[in-house]
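Data block below; observations after.
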């Protein structure tokens with residue numbers, strides 16, 4: 001704050017009020033879709049509306065029965081979709097964290113000729129849009145009999161993900177080199193240095209990578225749409241779309257309850273790990 | 001300092017090299033190859049030369065999807081950049097509960113796209129009893145204005161998608177925040193002493209200092225906008241009359257609806273080439289407008 005402002009308390013107070021009013025308005029607007037979703041998901045459908053579409057009954061109050069109705073709905077199997085999503089997420093998160101950490105070590109603590117070029121090449125691959133490789137990947141996975149299995153959705157994660165490698169490398173670079181040198185003098189090779197020095201120091205970064213991949217899997221729509229074929233393999237994202245496509249039979253309040261079920265875990269995860277998360281994203285943007 | 005051997009280096013990045021060959025080099029090469037073939041999955045690809053690319057020249061739907069994608073990309077990046085820089089400026093002011101405000105702005109961006117598309121589909125329902133958008137228009141104008149039938153016309157459907165895209169500026173805001181934090185305090189103070197007001201400082205000090213960050217975000221924006229898929233598919237299905245039909249949806253439909261893998265691959269390659277050219281152009285323009293410290 002400069003002195004002109006500090007010397008005028010009335011003006012400073014007015015500015016503070018304005019600041020908090022704007023922050024409040026922004027936060028409210030940001031949460032609006034979530035509030036709306038929760039509101040609708042706990043409402044009772046207006047019985048006078050045709051087909052269950054239309055508004056909520058204003059007199060019936062609030063209920064959590066919608067959530068129960070969604071989970072037990074015979075047209076869809078939300079618990080199964082949740083299980084499928086979790087299987088893909090856990091296998092993928094494990095793979096991404098392990099392989100990306102190994103590769104990031106090779107891009108930061110091992111010094112070899114050609115490292116810069118290889119790293120640039122890796123960054124460039126982030127520009128390749130999925131639709132380009134969608135058809136060939138489908139053909140390749142069909143060739144090995146993986147279409148209609150979870151494999152295409154988690155096996156690639158075990159070969160390092162460019163963005164995760166980038167994040168981890170940035171983090172590894174901030175660990176003082178003297179630690180490596182000391183380890184080396186003690187007779188540690190790269191493997192022991194990686195396992196006993198670098199990894200334990202990098203827990204927050206590894207957590208960011210794990211979180212980002214988990215959210216990616218939770219969110220992914222096009223991947224499962226292309227590679228999965230049977231309804232009992234669907235992920236939550238596909239399940240929700242399936243539920244939506246039955247619109248006309250599915251009342252909006254149930255659909256919103258299903259959406260809330262899909263949304264709650266990621267929102268919860270985000271608020272728990274919000275700080276780690278936000279720091280991970282800003283590292284990526286400014287140190288590139 | 002001791003150098004390691006090339007073998008050690010390659011061994012460590014081995015997993016990525018393998019993945020790069022299998023999941024990037026091979027499919028991209030195959031996509032280029034399929035682009036020059038007639039391929040329906042039922043039989044092996046038949047080379048047809050540049051037929052797929054010639055077909056693009058007369059493909060009216062392709063013209064439509066490219067136009068839609070371009071309009072959506074330009075407008076969403078333009079408004080998104082203005083909004084995210086403004087939000088970052090607001091959030092960088094010292095305030096209580098700062099991490100809460102920041103988390104609030106970021107929160108909508110972690111919602112799954114499918115979920116947010118479903119929420120907004122309901123939110124845009126023309127009936128003000130149901131749809132939040134029209135209910136709010138009703139409210140703020142005291143019933144004087146009636147909200148539009150959002151998915152009834154191309155103009156309003158595109159507007160609806162653009163408005164909605166503003167809820168996912170979270171990552172950009174966070175990156176701008178980090179950029180703003182790195183603007184040296186002395187520059188602010190020096191400009192202040194010289195009598196430059198807050199707006200002058202923003203345009204002449206802050207903007208040039210964060211221009212590399214803007215460049216980064218715009219490039220990410222182009223890559224994302226070119227691939228927009230799930231949200232329009234769920235909200236509008238591309239309609240009305242293909243007014244919200246985007247390039248990635250067209251690639252998907254050609255491949256998995258019409259089974260024309262050859263043409264779909266050529267369309268994918270086109271998308272890649274466009275992204276590469278745009279990124280190149282933006283980087284070139286960046287040389288003129290972007291200020292790099294220490295350069």
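The values are calculated or read from the model by the stated rules, or taken from the named source; none is laboratory data. Because the structure is predicted, anything quoted here is derived from the model rather than measured. Note that we place each Cβ from the backbone using ideal geometry, even for glycine, and neighbour counts take in every protein chain shown.
Residue count for the stretch A:117-142 satisfying the condition of being without any contact (Cβ under 8 Å) to a residue 24 or more places away in the chain and more than 11 Å from every other protein chain (Cβ to nearest Cβ): 2.
When residues in the stretch B:191-219 are screened for being assigned to a helix (DSSP H, G or I), without any contact (Cβ under 8 Å) to a residue 12 or more places away in the chain and within 12 Å of chain A (Cβ to nearest Cβ), 3 of them pass. In a residue-by-residue description of the stretch B:36-44, the property of being surrounded by fewer than 18 Cβ atoms within 10 Å (Cβ to Cβ) and assigned to a helix (DSSP H, G or I) applies to no position.
Applying the criterion of being surrounded by 14 or more Cβ atoms within 10 Å (Cβ to Cβ) and more than 8 Å from chain A (Cβ to nearest Cβ) to the residues of the stretch B:18-35, the residue that is farthest from the chain's Cα centre (by Cα) is B:33.
When the stretch B:216-263 is limited to residues that are crowded, with 21+ Cβ neighbours inside 10 Å and over 21 Å from the mean Cα position of the chain (by Cα), the one that is nearest to residue B:61 (Cα to Cα) turns out to be B:254. Within the set B:177, B:161, the sole residue that is surrounded by 23 or more Cβ atoms within 10 Å (Cβ to Cβ) and away from every other protein chain (no Cβ under 13 Å) turns out to be B:161.
Checking the structure you have, find out if any residue of the stretch B:244-260 is away from chain A (no Cβ under 11 Å) and over 18 Å from residue A:226 (Cα atoms). Checked the stretch B:244-260: at least one residue is away from chain A (no Cβ under 11 Å) and over 18 Å from residue A:226 (Cα atoms).
Kindly provide the set of residues from the stretch A:153-165 that are surrounded by fewer than 23 Cβ atoms within 10 Å (Cβ to Cβ) and within 12 Å of chain B (Cβ to nearest Cβ), ordered by number. Selection gives A:155, A:156, A:158, A:159, A:162, A:163.
Per the conditions (1) under 30 Å from residue B:249 (Cα atoms); (2) in contact (Cβ under 8 Å) with a residue 40 or more places away in the chain; (3) within 8 Å of chain B (Cβ to nearest Cβ), the sole criterion not satisfied by residue A:190 is (1). When residue B:40 is tested against the conditions (1) farther than 30 Å from residue A:140 by Cα; (2) more than 9 Å from chain A (Cβ to nearest Cβ); (3) out of contact with any helix residue (DSSP H, G or I) (no Cβ under 6 Å at 6 or more places or on another chain), the lone failure is (1).
For residues in the stretch A:105-116 being at the interface with another protein chain (Cβ under 7 Å from one of its Cβ atoms) and part of a helix (DSSP H, G or I), which is farthest from the chain's Cα centre (by Cα)?
So in the stretch A:105-116, the residues at the interface with another protein chain (Cβ under 7 Å from one of its Cβ atoms) come out as A:105-107, A:110-115.
From the residues that got through so far, the ones that are part of a helix (DSSP H, G or I) too are A:105-107, A:115.
On the way: A:105: 24, A:106: 26, A:107: 25, A:115: 29 Å.
Within the stretch A:105-116, the match that is farthest from the chain's Cα centre (by Cα) is A:115.
Is it fair to say residue A:179 is outside the structural domain of residue A:64 (by TED's automatic domain parsing), free of Cβ contacts under 8 Å to residues at least 60 places away in the same chain, assigned to a helix (DSSP H, G or I) and surrounded by fewer than 21 Cβ atoms within 10 Å (Cβ to Cβ)? Yes; evaluated as a whole, the condition is true for this residue.
Considering the stretch A:216-238, the residues that are at the interface with another protein chain (Cβ under 9 Å from one of its Cβ atoms) and in a helix (DSSP H, G or I) include one that is farthest from residue A:66 (Cα to Cα), namely A:226. Is it the case that the stretch A:241-252 has a residue that's within 22 Å of residue A:32 (Cβ to Cβ), assigned to a helix (DSSP H, G or I) and modelled with pLDDT under 90? Yes - at least one qualifying residue is present in the stretch A:241-252. Just one of the listed residues (A:85, A:76) is modelled with pLDDT of 80 or more, crowded, with 18+ Cβ neighbours inside 10 Å and in a loop (DSSP other than H, G, I, E, B), and it is A:76.
Looking across the stretch B:46-98 at every residue that is more than 14 Å from every other protein chain (Cβ to nearest Cβ) and in a loop (DSSP other than H, G, I, E, B), the one that is farthest from residue B:181 (Cα to Cα) is identified as B:48.
Does the stretch A:222-245 contain any residue that is under 23 Å from residue B:250 (Cβ atoms), assigned by TED's automatic domain parsing to the domain that holds residue A:169, in contact with a strand residue (DSSP E or B) (Cβ under 9 Å, 6 or more places away or on another chain) and surrounded by 13 or more Cβ atoms within 10 Å (Cβ to Cβ)? Walk me through how you get there before you give the answer.
Kept after step one, since they are under 23 Å from residue B:250 (Cβ atoms), are these residues of the stretch A:222-245: A:222-229, A:237-238, A:241-242, A:244-245.
So of that shortlist, the ones also assigned by TED's automatic domain parsing to the domain that holds residue A:169 come out as A:222-229, A:237-238, A:241-242, A:244-245.
Narrowing the set further to residues that are in contact with a strand residue (DSSP E or B) (Cβ under 9 Å, 6 or more places away or on another chain) leaves A:244.
With surrounded by 13 or more Cβ atoms within 10 Å (Cβ to Cβ) added as a condition, the list becomes A:244.
Yes.
Test residue B:184 against the stated conditions and say whether it is within 30 Å of residue A:167 (Cα to Cα), out of contact with any helix residue (DSSP H, G or I) (no Cβ under 7 Å at 6 or more places or on another chain), surrounded by fewer than 17 Cβ atoms within 10 Å (Cβ to Cβ) and free of Cβ contacts under 8 Å to residues at least 40 places away in the same chain. The answer is yes for residue B:184. Taking the condition in contact (Cβ under 8 Å) with a residue 12 or more places away in the chain, out of contact with any helix residue (DSSP H, G or I) (no Cβ under 6 Å at 6 or more places or on another chain) and more than 21 Å from residue B:82 (Cβ to Cβ), does residue B:276 pass? Taking the combined requirement at face value, the residue does not satisfy it.
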